[in-house]
Amino acid sequence: MADRIVSIGFIGNGKGTNRYHMPFSLALPEQFRIKTVYARHVDHSQWPAVPGVAYTTDLGAMLADPEIDVVEISTPHSTHYALTKQALEAGKHVVCDKAFVGTVAEAEELYALAESQGVTVQCYQNRRFDSDYLTARKVMESGRLGKVFEIVTHYDYWREAYLEYARNGRFDRLTGITYGHSCHCVDQLIAWLGLPDRWHAETRQLYGEGRPETYFDFDLYYDELGIKATAASNYHAAIQRPSFEVYGERGTFIKVEKDQQERDLKHFYLPAGHDDFGLDTPEQWGTLRYWDEDGRMHEERVETVRSTYSGFYEALYETLVNGVPQLVRPEETIAQLRILEDATADLR
């Protein structure tokens, strides 16, 4: 595969594929091309056909295509395990949307299958390239906060459509916000700090037992580092909490505004051709306040790190073409799934 363009086949033709995957592989035309998209029903009424891409309802034919190097799966969570297994058995590299699969046992089976087939499989964790997250990491690494002892990330919403579903729907582990949303926040902390030594996971069904959850709060403890890292979300948040808070012995960093890539994607303002895609304004920068070694207090606005979800594809290319270890390592995804399973074990 060396020194050539990597060919992608997508399973799924909905929002995930067209909003969160395709724009970022299409932004790298010298590295990737999208050859085929499979869907049970090919319908371009919501998502226009991409020029030069073949659309098919024959999954077997796509998986048998020797020109396709990697299959990306962006379908409902309940289908991830079976589709990933089918693609691996066809000898394809696989990228599967978050939160990968439903259980640790399923994940371990798929990683073993990939190894036996001589291919790779990983979870699509594009939020490792959120600008607010990367900015918080950069501030901590600068050392100006001194020894960091607490990191808090919130991803709050007021989503009336989801709240209506929570009032009237039934709990389903794979379709709730724990597997659909907290997987982003938890993965960010694991990628940043490593595998936690222990954790406390709380989810709440605020509309009663049997209803979908609308709140989570996970505390990850890193004993050797002396850090408690919290990932929390409240879907009842009429006023949203800061995106990131980092507390150290010499200061604090607060970033209120979230990464802006999703904002632009929802308005079909895509990365290709737009140099200001996902860009923060100065008003959205975070605030750093710290005391230096002479006891003088400093306060400054921290320019947000420029980032793009194409970073995932750049890393994927290096893995497939140059043999670099994959960005999202199996042990990281398994650790995340252990936490998610724990968080939902008592929900009914």
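The values are calculated or read from the model by the stated rules, or taken from the named source; none is laboratory data. Every value quoted in this text rests on a predicted model; they were computed, and no experiment measured them. For neighbour counting, all protein chains shown are included, and Cβ atoms are generated from backbone atoms with ideal geometry for every residue, glycine included.
In the set Val148, Val94, Val104, Val119, only one residue is touching a residue at least 24 places away in the same chain (Cβ under 8 Å) and not assigned by TED's automatic domain parsing to the domain that holds Pro23; that residue is Val148.
Considering segment 108-149, and only residues there that are β-branched (Val, Ile, Thr) and not in a helix (DSSP H, G or I), the residue that is surrounded by the most Cβ atoms within 10 Å (Cβ to Cβ) turns out to be Val121. Condition check: assigned to a loop (DSSP other than H, G, I, E, B), under 12 Å from Asp132 (Cα atoms) and either of a type outside the set (Val, Ile, Thr) or touching a Gly at 6+ places or on another chain (Cβ under 6 Å) (or both). Does Glu257 satisfy that? So Glu257 passes the test. Report yes if Ala229 is of a type in the set (Gly, Ala, Ser), outside the structural domain of Ser25 (by TED's automatic domain parsing) and assigned to a strand (DSSP E or B), otherwise no. Against the criterion (of a type in the set (Gly, Ala, Ser), outside the structural domain of Ser25 (by TED's automatic domain parsing) and assigned to a strand (DSSP E or B)), Ala229 qualifies. Pairs meeting the criteria (first residue in segment 327-348 and over 21 Å from Val95 (Cα atoms), second residue of a type in the set (S, T, N, Q) and part of a helix (DSSP H, G or I), beta carbons under 8 Å, at least 6 apart or on different chains) are Ala343/Thr178; Ala343/Ser182; Thr344/Thr178. Take the conditions (1) free of Cβ contacts under 8 Å to residues at least 60 places away in the same chain; (2) part of a loop (DSSP other than H, G, I, E, B); (3) of a type in the set (A, V, I, L, M, F, W, C); Leu195 misses just one of them, which is (1). Looking at Glu300, is it part of a loop (DSSP other than H, G, I, E, B), exposed (fewer than 15 other Cβ atoms within 10 Å of the Cβ), assigned by TED's automatic domain parsing to the domain that holds Arg137 and over 18 Å from the mean Cα position of the chain (by Cα)? Here the answer is no, as Glu300 does not meet what is asked. What are the pairs with Cβ atoms under 6 angstrom where one residue, in segment 52-81, is more than 18 Å from Gly16 (Cα to Cα) and without any contact (Cβ under 8 Å) to a residue 12 or more places away in the chain and the other, located anywhere, is in a strand (DSSP E or B) and of a type outside the set (Lys, Arg)? Sequence gap at least six, or different chains. Pairs that qualify, where the first residue is more than 18 Å from Gly16 (Cα to Cα) and without any contact (Cβ under 8 Å) to a residue 12 or more places away in the chain and the partner is in a strand (DSSP E or B) and of a type outside the set (Lys, Arg): there are none. On the basis of being farther than 29 Å from Ile34 by Cβ, of a type in the set (A, V, I, L, M, F, W, C) and outside any loop (DSSP other than H, G, I, E, B), does Ala335 make the cut? So Ala335 fits the description; yes.
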